[in-house]
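As structure tokens, the structure follows; a few thoughts come after it.
The values are calculated or read from the model by the stated rules, or taken from the named source; none is laboratory data. Computed from a predicted structure; not experimentally measured. Methodologically, a virtual Cβ is constructed for each residue, glycine included, from the backbone with ideal geometry; neighbour enumeration extends over all protein chains shown.
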Amino acid sequence: MDGIAGIYSQKDSDLVHKIFLATGACQHRGKASAGIAIGNGKGIYVHKGLGRIGDVVDQDIMTAFHDLEPVAAIGNVGYTKNKIPENRNAEPIEVHPKNNSQYHVVLTLDGYLVEERDLKGELGHDYHFETGNKTEVIGALLHKYISEEGISFEAGKKLVDKLKGRATFALAALVYDKKQTYLVTLNDEKAFEPFCFGEIDGAFAASSESVSHRRLGGFPEREYDGAEMTICSENGIETKRLRGRKMMPDIFQGVYFGHVGSTFRGKEILQIRRELGLGLVDYYKNSRADIVIPNPESGWGVSVGIAEGLRKPLLPALIKQAQAVRTFQESARKVRSMEVGLKFGGVDSLLRGKNIAMGDDSIVRGSVSEGGSVWVVYNCGAKYLEFWISYGPMFFPSFKEWHRGRECLEELAVQRAFKDSNPYDKSIEEINKAVGDMIGVDEVRYNPQEIVENVAGGGSFQALDASYPIDELWWPDWLKKEAEKFHNPNQDKL
């Protein structure tokens, strides 16, 4: 869930400043590392490190890069790829062929590759791998196909076909051919990862989210369709869709991870979340709540809809503390439980003696709610707490977690709530009750999947129904068994 950006603009004295702003607009995504790379008629130059982009890219770097008169630039804000962030895994990443090559490739990527060992084996004769970042493997493949086909749509088509069914990606790459630097952007055939593009004052810009374009004072033309590629060079800018297969955007990006000011498949994310809140009210009808509060920060959108639907006041009674850490990135429950206690503070005068409807985007593991926001609300004197959830019950882990084994399934709140029974044959009311009891609230109110789909559109609901963008060939055996139980929940009773 990195944030990436790419800009191409010849003779643009503000190019370095623009890539800094466009990348920084995505800072809500990655907070582990950051970097930018620029290219001109003499080569490609990279600067990156650990921390947020404002810590890594200072004014001296921006001035030095500006003096190189770049025509293209890419940037990254990196999500934690390992438990301990390492500088070698920061992006953009340079591809290192073992033999002399006409092409120099530097890239950044948002996405994930399943089981890269075989690809590293194929590429090991021709490329050095100097990181533990999967982006480097995809970069080596891109370099290989550019070496075979030139900087062309045919090279992009080969990459899309090679990674079909085993990777999701949106990438921005600088390619230097010893004459000029090109900007190349490309995504996977299902358009799983969000990626948009457009021109602003003559500059071509692509980004993980439309907030980048807004930060530059413009709007994106649209989001990329699946397997769509742009090549920017001295000869102009050309965009082409390489494969026309059915797309499967990640719906959770719109429900949770996307910036509220961005668009998701043409619809503003804040309005998606607001409509999910209205859908919850329409489904459950009644509430005991005196006030509605958001579970910060991603609970704001759905809470707007809940308050509107219930006609109750929306109040900022739960405050995210300045020292808050990204606890969902921690794997150990004890560590997560300790750290969520740092995340929230409550306003006693708004909560004491009240019945509360609290809106949130999702319940994944339940530890943030269980040990953080829920405890704070009751500790401030709330009488009754309804926990309204914009997304549905999450039965399955993200495919980006499969490498951790069955643990990533068993730690999910719904799985924990039905540890000794089958969760897949339960009604939403039974799930609400079990999860509510487990995390310690009076009520949980999940959104049915059909409401989420009506609001956000079709795509991948991987956590709700195992509709993964990854072919079953690459699924772990334990997941195949769980998916079979989900689709045939009564098979054990036959």
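Per-structure values
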read-out: Residue in segment 138-145 that is part of a helix (DSSP H, G or I) and more than 22 Å from Asn89 (Cβ to Cβ) present; value: yes
read-out: Selection within segment 103-160 - among the hydroxyl-bearing types (Ser, Thr, Tyr) and under 21 Å from Ile44 (Cα atoms); value: Tyr103, Thr108, Tyr127, Thr131, Thr135, Tyr145, Ser147, Ser152
read-out: Considering residues of segment 235-248 that are touching a strand residue (DSSP E or B) at 6+ places or on another chain (Cβ under 7 Å) and not acidic (Asp, Glu) only, the residue farthest from Val211 (Cα to Cα); value: Leu242
read-out: Only listed residue being assigned by TED's automatic domain parsing to the domain that holds Leu68, among the hydroxyl-bearing types (Ser, Thr, Tyr), closer than 30 Å to Gly392 by Cα and outside any helix (DSSP H, G or I), chosen from Thr239, Thr168; value: Thr168
read-out: Where Ile138 falls short, out of the listed (1) within 19 Å of Gly35 (Cβ to Cβ); (2) surrounded by fewer than 23 Cβ atoms within 10 Å (Cβ to Cβ); (3) not aromatic (Phe, Trp, Tyr); value: (2)
read-out: Qualifying positions in segment 431-477 - closer than 20 Å to Ala167 by Cβ and in a strand (DSSP E or B); value: Ser460
read-out: Residue in segment 398-412 that is of a type outside the set (Phe, Trp, Tyr) and surrounded by 23 or more Cβ atoms within 10 Å (Cβ to Cβ) present; value: no
read-out: Single residue of segment 226-237 satisfying the filter (closer than 20 Å to Gly198 by Cβ and in contact (Cβ under 8 Å) with a residue 40 or more places away in the chain) that is surrounded by the fewest Cβ atoms within 10 Å (Cβ to Cβ); value: Ile237
read-out: Subset of segment 286-300 [at pLDDT 95 or above and either touching a Pro at 6+ places or on another chain (Cβ under 6 Å) or over 16 Å from Ile356 (Cβ atoms) (or both)]; value: Ile291
read-out: Candidate set: segment 195-221, residues that are assigned to a loop (DSSP other than H, G, I, E, B) and either touching a Ser or Thr at 6+ places or on another chain (Cβ under 6 Å) or charged (D, E, K, R) (or both); chosen: the one surrounded by the most Cβ atoms within 10 Å (Cβ to Cβ); value: Glu209
read-out: Subset of segment 22-45 (residues that are crowded, with 16+ Cβ neighbours inside 10 Å and over 24 Å from Ile200 (Cβ atoms)); value: Lys31, Ala32, Ser33
read-out: Number of positions in segment 24-55 that are outside any strand (DSSP E or B), in contact (Cβ under 8 Å) with a residue 24 or more places away in the chain and within 23 Å of Gly111 (Cβ to Cβ); value: 11
read-out: Unmet requirement for Phe192, which otherwise passes all of (1) assigned to a strand (DSSP E or B); (2) within 20 Å of the chain's Cα centre (by Cα); (3) among the aromatic types (Phe, Trp, Tyr); value: (1)
read-out: Matching residues, segment 361-414, being of a type in the set (Ser, Thr, Tyr) and in contact with a helix residue (DSSP H, G or I) (Cβ under 7 Å, 6 or more places away or on another chain); value: Ser362, Ser367, Ser369, Ser390, Tyr391, Ser398
read-out: Unique match (being out of contact with any Lys or Arg (no Cβ under 9 Å at 6 or more places or on another chain) and either assigned to a loop (DSSP other than H, G, I, E, B) or assigned by TED's automatic domain parsing to the domain that holds Val435 (or both)) among Ile356, Ile363; value: Ile363
read-out: Unmet criterion (only one of (1) buried (at least 21 other Cβ atoms within 10 Å of the Cβ); (2) at negative phi) for Lys179; value: (1)
read-out: Check on Thr131, within 28 Å of the chain's Cα centre (by Cα), surrounded by 12 or more Cβ atoms within 10 Å (Cβ to Cβ) and assigned to a loop (DSSP other than H, G, I, E, B); value: yes
read-out: Residues of segment 240-261 classified as modelled with pLDDT of 95 or more, surrounded by 18 or more Cβ atoms within 10 Å (Cβ to Cβ) and over 14 Å from Gly457 (Cα atoms), total; value: 1
read-out: Long-range neighbours under 7 Å by Cβ, at least six apart or interchain, first residue in the same structural domain as Glu410 (by TED's automatic domain parsing) and modelled with pLDDT of 95 or more within segment 426-437, second among the basic types (Lys, Arg) and surrounded by 13 or more Cβ atoms within 10 Å (Cβ to Cβ); value: Asn432/Arg445
read-out: Hits in segment 69-95 (condition: surrounded by fewer than 16 Cβ atoms within 10 Å (Cβ to Cβ) and either part of a strand (DSSP E or B) or of a type in the set (A, V, I, L, M) (or both)); value: Ile84
read-out: Any chance Arg222 is charged (D, E, K, R) and at pLDDT below 95; value: no
read-out: Every pair of residues 6+ apart whose Cβ atoms lie under 6 Å, when the first sits in segment 248-266 and is touching a residue at least 60 places away in the same chain (Cβ under 8 Å) while the second is assigned to a strand (DSSP E or B) and crowded, with 23+ Cβ neighbours inside 10 Å; value: Met248/Ser460; Asp250/Ser460; Gly254/Phe264; Gly258/Phe264
